[in-house]
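*Asks:* Before we start, here is the structure in question, set down as structure tokens.
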Amino acid sequence: MKILVAVLCTLILVQGTKCAKILGVFPIHAKSHYFLGSSLMRGLAEKGHDVTVLNTFGEKNPPKNGSYRDIILTSEMTQDGVAYDLFQIVDQNFVIYNLFMNWMGNTVTEITLGHPEVQKLLNSGEKFDVVIMEQFVNDGLKVLAHQFQAPLVLFSTCGSNAWINPLVGNPAPPSYVPEQNIVFHSSNFFDRLRNSIIYTYGYINRHLMFFPAQNKIVKKYFPDAPDLDVLLYNASLVLLNSHLSTNMAVPRVPNMVDIGGFHLKPPKKLPQDLQKYLDEAKNGVIYFSMGSGLQSTNLPVEKRDALLRVFSKLKQNVLWKWESDVLPGQPANVKLGKWLPQQDILAHPNIKAFITHGGLLSLIESVYYAVPILAIPVFGDQIWNAEEAAANGLGRCIPYSQLDETKFEEALNDVLNNQRYRDNMKRRSKVMHDRRHTPLDDADYWIRYVIRHQGAPHLKVAGLELPWYQYLALDVVLFIVAVIFVVFYSFYVLIKIVKKIRNARSRSKVKRN
Ligand SMILES: *[C@@H]1O[C@H](CO)[C@@H](O)[C@H](O)[C@H]1NC(C)=O
């Protein structure tokens, strides 16, 4: 296989469109993150690149027609049984959220840089044309691109945000670009105030706490490496898992590229029993999944029973991703599946609604197939995705903490019976399908572009080099204010002097008279 790829690479090289040796760094031990990272790397392997993926899961079905190598980073964090009950971190405020992210990010960075497999790779003398890394509270890992002397491509699983925007100089004024974890209507003064406070707090947290801690970890393993301050701002390209069909319109500097939807695959044939089940459901089917991170089985009993009471009153069937064999009090119209092919199910015309946790992937898939949603967001970007989707009329949203039988019943019936949601979904879906290239083609093009242009420094905006007060033109404003002040003050002084002279003259006139 390796030889074949080498021969192919040489052949393609001769023709001028080189395939690259790519190192992917995806050390976050969360299935949805891994799924996106591995989808990207699989896609690139299928496009002829030679990919190596640092990750914690390992690819069960590596692409057959491509060179795909896993380097698996096992650690105490990846042990089976260390399953967090994510329903517990609902509704955290932004201070705790930042502390949690700092802790998680520092742990991941420390484990990854110190990992024997990573050290082995570094010492092997192997070279890469480009390093693609997930941007997710792991900034210290950018040192790997430096060590391999390869351009750095960042991949943001949750679109553009305050962690990535400043690193490439992408404008994101808090007056209208929402910070994470916040529901935001840009015209409302208090929303803008809250957004600005959370934005500023995040900025201070990164610069006073998180980056110094990351820098320490970097220096521990690579004492000769440049300071993190240098590495942070040296990314050549940022691939964003977002798109105008699912995210609001916000600025993009030239080296940011939206590839949201790249993980979508043309629908495959469903397993026979599911196909039959979906085909034969007279009144349609509601698909229900809380994603790969949250376990539906962890739902507290009273919330679960509330959902079941509502389901039992429906004429539609419910297909529920439920991670156990038994569901106490399971109504006759509810079917369970421990693992379900979500995209292929959503593609079925008999799906009437999707009850989701509001994860970005689920949202992208529901828009792609134009299925209205009822979102029950629990934490992090789910809340913000779900509220945004509801505000755009793509369905309804009930934050997990507010979930009860009455609210759930009302919202679900609304989503099922109000044509508005499906119409809006169809419009969005059209936007998602209306693209010049497939998102994976875009990713491939830009990665090759960055390699062809040795890191493509010409894509970087000059704003990146400016200190914050220059970026915000505060020095210019201050200068102009000072000039205006000096001019006015000079006038004032001049007028005073003139008055004084006049007064003196008139006084002397009076005296003379
Ligand atoms: C910054 O990126 C460029 C382009 O990939 C690379 O040549 C340079 O070595 C990088 N700088 C550092 C400090 O790693």
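The values are calculated or read from the model by the stated rules, or taken from the named source; none is laboratory data. It should be emphasised that the depicted structure is a prediction, and the values quoted were computed from it without experimental measurement. Positions of Cβ are backbone-derived with ideal geometry, glycine not excepted, and every protein chain shown enters the neighbour counts. Only protein heavy atoms, including side chains, enter the accessible area calculation; ligands, DNA and RNA are left aside. Shrake-Rupley method; radii C 1.70, N 1.55, O 1.52, S 1.80 Å.
*Asks:* Let me have the relative contact order for the range 294-335, percent, based on Cα pairs under 8 Å that are six or more residues apart. Walk me through the numbers on the way to the answer.
*Replies:* On the way: 30 pairs, mean separation 20.3, N = 42.
It comes to 48 percent, rounded to a whole number.
*Asks:* How large is the helix-only mean residue ellipticity at 222 nm for the chain, computed as the sum of -39500 (n - 2.57) over DSSP H runs with n ≥ 4, divided by its residue count, in deg cm²/dmol to the nearest 500?
*Replies:* Numbers: 19 runs with 231 residues, N = 513.
Using -39500 (n - 2.57) per qualifying helix, the result is -14000 deg cm²/dmol.
*Asks:* What does the charge add up to near L232, with Lys and Arg as +1, Asp and Glu as -1, over the other residues with Cβ less than 11 Å from its Cβ? Intermediate values should be presented prior to the final figure.
*Replies:* On the way: positive: K142, R206; negative: D139, D227, D229.
Taking every Cβ under 11 Å from that of L232, the sum is -1.
*Asks:* In addition: For the range 359-513, report the translational diffusion coefficient in µm²/s to the nearest whole number, using Stokes-Einstein at 10 °C, 1.306 mPa s, and a Kirkwood Rh over Cα pairs. Please list the in-between numbers first.
*Replies:* Working: Rh = 22.5 Å.
Stokes-Einstein gives a translational diffusion coefficient of 71 µm²/s.
*Asks:* Taking all protein chains in place and a 1.4 Å probe, what share, in percent, of the accessible surface of the range 272-433 do carbon and sulfur account for? Present the calculation step by step, with values, prior to reporting the outcome.
*Replies:* Values: 3130 of 6480 Å².
Using a 1.4 Å probe with all protein chains present, the range 272-433 comes out at 48 percent carbon and sulfur.
*Asks:* Based on the Cα coordinates of the chain, what is the per residue volume of their convex hull in Å³? Kindly include the intermediate steps, with their values, before the conclusion.
*Replies:* Values: hull volume 111.5 nm³, N = 513.
Expressed per residue, the convex hull around the Cα atoms of the chain is 217 Å³.
*Asks:* Next question. So what is the relative contact order of the chain, in percent, for Cα pairs below 8 Å that sit 6 or more residues apart?
*Replies:* Numbers: 773 pairs, mean separation 70.4, N = 513.
Relative contact order, the chain: 14 percent.
*Asks:* Using DSSP to call loops (not H, G, I, E or B), can you name the trypsin sites (Lys or Arg not before Pro) in the range 243-344 whose Cβ has at most 14 other Cβ atoms within 10 angstrom? Don't skip to the answer; put the middle values down first.
*Replies:* Values: sites: R252, K268, K269, K276, K282, K303, R304, R309, K313, K315, K321, K335, K338; in loops: R252, K268, K269, K282, K313, K315, K338.
Hits after loop and neighbour filter: K268, K269, K282, K313, K315, K338.
*Asks:* Still on this model: With the contact rule set at Cα under 8 Å and sequence spacing of 6 or more, what percent relative contact order holds for the range 272-433? Intermediate values should be presented prior to the final figure.
*Replies:* On the way: 265 pairs, mean separation 34.6, N = 162.
Computed value for the range 272-433: 21 percent relative contact order.
*Asks:* Determine the distance separating the Cα centre of the range 349-419 from the Cα centre of the range 318-336; give it in Å without decimals.
*Replies:* 20 Å
*Asks:* Rounding to the nearest 20 debye, state how big the charge dipole of the chain is about its Cα centre with +1 on each Lys and Arg Cβ and -1 on each Asp and Glu Cβ. Before the final figure, lay out each step's value.
*Replies:* Numbers: 55 positive and 44 negative charges, 576 e Å.
Roughly 2760 debye for the chain.
*Asks:* Continuing with this model, one more query. Which three extents, in angstrom, do the Cα atoms of the range 272-433 have along their principal axes, listed largest first?
*Replies:* 41, 36, 27
*Asks:* As a test of understanding, state the convex hull volume per residue of the range 174-318 from its alpha carbons, in Å³.
*Replies:* Numbers: hull volume 36.9 nm³, N = 145.
Spread over its residues, the Cα hull of the range 174-318 gives 254 Å³ apiece.
*Asks:* If you don't mind, another one. So which lysines can K216 reach, going by Cα to Cα under 23 Å and dropping same-chain residues fewer than 8 places off?
*Replies:* The reachable lysines, counting only those whose Cα sits under 23 Å from K216, are K120, K142.
*Asks:* Using a/c under 1.5 as the rounded threshold, could you call the range 370-419 rounded, prolate or oblate? The axes a ≥ b ≥ c are square roots of the C-alpha gyration tensor eigenvalues, and prolate needs a/b larger than b/c, oblate otherwise. Provide the component values of the computation, followed by the final result.
*Replies:* Values: a/c = 2.58, a/b = 1.15, b/c = 2.25.
The shape class here is oblate.
*Asks:* Which value, in Å to one decimal place, does the Kirkwood hydrodynamic radius take for the range 472-513 when every pair of different Cα atoms is included? If you can, show how the numbers build up before the last one.
*Replies:* Values: mean 1/r = 0.0801 Å⁻¹.
Value: 12.5 Å, from the Cα pair sum.
*Asks:* Grab every C-alpha pair in the range 135-245, bin the distances at 5 angstrom width from 0 up to the longest one, and report whole percents.
*Replies:* With 5 Å bins starting at 0, P(r) equals 2, 11, 20, 21, 19, 13, 8, 4, 2, 1.
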